[in-house]
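K.L.:
For reference, the structure I am asking about is given below.
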Amino acid sequence: MVMVLLEHASRWSLQLPGHHGLEAMALLVLGRLSCTNAWTATIVGGSAAVAAPFAGADHGMLTTLFYVLPGAVLDLGYRLWPRLVGRTLLFLPLLAAIAFTTKPVARVL
């Protein structure tokens with residue numbers, strides 16, 4: 001819900017493309033790190049997809065995909081390279097950036 005409410009409530013311009021994506025990915029990573037469930041980021045993304053139409057932040061038919069896919073990629077990367085999570089500070093931001101690229105890739109496809 002926080003992800004959808006932040007996107008819907010904060011309409012100010014930061015003059016940065018994708019600044020709502022920064023917020024969303026930060027919340028996905030925070031959710032992933034705060035729980036031991038293997039699919040936490042996917043669940044967080046799914047709950048945002050369910051809450052989006054109720055908050056008026058619906059983006060069409062692909063809303064669910066745009067919220068769930070980055071979470072699934074984040075969870076898969078977290079599970080594929082578990083040793084890197086604790087060893088390097090740059091791993092999670094890099095993984096979050098890769099997960100965020102799923103939205104433009106999905107739009108192109």
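K.L.:
Figure the gain on full extension for Asn37 and Leu90 (residue separation times 0.36 nm, minus the Cα-Cα span) and round it to one decimal in nm.
P.N.:
Here the answer is 16.9 nm.
K.L.:
Using a 1.4 Å probe and ignoring any ligands, DNA or RNA, find the accessible area of Val50 and quote it in Å² to the nearest 10.
P.N.:
About 100 Å², rounded to the nearest 10.
The values are calculated or read from the model by the stated rules, or taken from the named source; none is laboratory data. All figures in this text were calculated on a predicted structure; none of them were measured in a lab. All accessible areas refer to the heavy atoms of the entire protein, side chains included, with ligands and DNA or RNA removed. Shrake-Rupley method; radii C 1.70, N 1.55, O 1.52, S 1.80 Å.
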